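A.B. asks: First the structure, then my questions, so here it is.
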Amino acid sequence: MPSVLPEGEPVPRDGALPPHATFGGGAAHRPLGFYLHVPYCATRCGYCDFNTYTATELRGSGGALASRENYADALIDEIRLARKVLGDDPRQVETVFVGGGTPTLLPAADLVRMLRALREEFGLAPGAEVTTEANPESVDPAYLAELREGGFTRMSFGMQSARPHVLKVLDRTHTPGRPEACVAEARAAGFAHVNLDLIYGTPGESDDDWRASLDAAIGAGPDHVSAYALIVEDGTRLASRIRRGEVPMTDDDEHADRYLIADERLSAAGYSWYEVSNWATADAARCRHNELYWTGADWWGAGPGAHSHVGGVRWWNVKHPGAYAQALAESRTPGAGREILTAEDRRVERILLELRLAAGCPLDILTGAGAAAAARAVADGLLAAAPYAEGRAVLTLRGRLLADAVVRDLTD
Ligand SMILES: C[S@@+](CC[C@H](N)C(=O)[O-])C[C@H]1O[C@@H](n2cnc3c(N)ncnc32)[C@H](O)[C@@H]1O
Ligand code: SF4
């Protein structure tokens, strides 16, 4: 979720959706998920551009309403608003993802309370996936046990690296080894599904550092690994340090090498890629919530700066936790703007998202120019020949390295 909000038309004060987007308008067959954003961190990592605030950043802005202590109540107010806006939509919630920021800076009881509100207002579908992100230093066995008892089914830990000097450049506050211990603690608490997030391409990281991080992650036995190339976001402390020459700029060729190392190591250990940056040990270990984003399902994003997509309407909330809580306290939507997607917007979005999946995207949604680009991509070894012959565009390993460019060509 980028921290800069797009332009758009205003959201009605009560948050109402246009009739075509509501359940009666045909939403019935799409699964419904909830993203719950928690916009607080103990300290800000120098590379991070997410909509999150430290206590120092919040001091003097937004007043008591912006505080962590009241946050769960404000978020529950938005869940109740969602119930009103979705009216008699009978769908139960298939997936819940609590993300941040650092959700685990809140007491476990607050996260469980938010989940309870979803259960009361919508009901959770049988076998629903309920994930929370967590920073490794912010949980202990008792905390994890409380989440598990409260209905959480999946933990996602921000490991990033196993090397102390890499963690230092990233401003991470956990010690090497702590994320691996978190996996064991989560398993002991009864979590069948555990993810570790890794970052590659940090200034000063060598190929061997990256191999060591992958080996440490794999050795901990999560059933899911996400590996992201470090993005140097404008306006971050990392971007300033690179500009001042304090740390070297990251390099695209190096990123490609690291990706190949990741795919090779993870595949050898029994993890299969199912999205360009995501690997899982089995279909059941995939993140169903992210799959719901990638396949154009409906999701309600609650919390400051969160984005939602229901029935072809996309909207986004005000960014600041104080403004967010204020809107809900006044029984107003926290929605800051929205756009109603056209059929062409949705077609392009399908290509953007589905092409990054191992299942690929159907060729019959491409235009003439896109289809010609797909034929060239097969000849160049960027799309796989066998699925192409069956009508699907699926990236090869080389295609995954150049995914952004291939996607751009196919959306022509
Ligand atoms: C927003 S964080 C939230 C999770 C948690 N606060 C943490 O940091 O462990 C989600 C994940 O996004 C990834 N991430 C954040 N900023 C990134 C960047 N600039 N480049 C690449 N990955 C990034 C990190 O791997 C991180 O674990
Ligand atoms: S802890 Fe996570 S959300 Fe917070 S600043 Fe660091 S990467 Fe961003």
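A.B. asks: So which of GLU69, GLU94 ends up being assigned by TED's automatic domain parsing to the domain that holds GLY151 and part of a strand (DSSP E or B)? Spell out the reasoning first.
C.D. replies: Working: GLU69 fails: part of a strand (DSSP E or B).
Testing whether each residue is assigned by TED's automatic domain parsing to the domain that holds GLY151 and part of a strand (DSSP E or B) leaves just GLU94.
A.B. asks: In segment 315-337, which residues are within 10 Å of LEU65 (Cα to Cα) and hydrophobic (A, V, I, L, M, F, W, C)?
C.D. replies: Selection gives ALA323, ALA325, ALA329.
A.B. asks: Quick check on my filter: what residues within segment 24-66 are away from ligand 1 (no atom under 16 Å from the Cβ), touching a residue at least 40 places away in the same chain (Cβ under 8 Å) and in a loop (DSSP other than H, G, I, E, B)?
C.D. replies: GLY26, ARG30, PRO31, SER61, GLY62
A.B. asks: Tell me the helices (runs of 4 or more DSSP H) entirely within segment 121-229 that contain at least 3 residues that are away from ligand 2 (no atom under 16 Å from the Cβ), more than 27 Å from ILE76 (Cβ to Cβ) and not aromatic (Phe, Trp, Tyr).
C.D. replies: 178-188, 207-220
A.B. asks: Evaluate the following for LEU115: is it more than 16 Å from ligand 2 (Cβ to nearest atom), in contact (Cβ under 8 Å) with a residue 24 or more places away in the chain and touching a strand residue (DSSP E or B) at 6+ places or on another chain (Cβ under 8 Å)?
C.D. replies: Values: more than 16 Å from ligand 2 (Cβ to nearest atom): yes; in contact (Cβ under 8 Å) with a residue 24 or more places away in the chain: yes; touching a strand residue (DSSP E or B) at 6+ places or on another chain (Cβ under 8 Å): yes.
The answer is yes for LEU115.
A.B. asks: For the condition in contact with a helix residue (DSSP H, G or I) (Cβ under 9 Å, 6 or more places away or on another chain), closer than 30 Å to GLY8 by Cβ and not in a helix (DSSP H, G or I), what is the one hit in TRP300, TRP279?
C.D. replies: Among TRP300, TRP279, only TRP300 is in contact with a helix residue (DSSP H, G or I) (Cβ under 9 Å, 6 or more places away or on another chain), closer than 30 Å to GLY8 by Cβ and not in a helix (DSSP H, G or I).
A.B. asks: Scan segment 346-401 for residues that are crowded, with 16+ Cβ neighbours inside 10 Å and at positive phi and report the count.
C.D. replies: Count: 1.
The values are calculated or read from the model by the stated rules, or taken from the named source; none is laboratory data. Just so it is clear, the model here is predicted, and its values are computed rather than measured. Methodologically, a virtual Cβ is constructed for each residue, glycine included, from the backbone with ideal geometry; neighbour enumeration extends over all protein chains shown.
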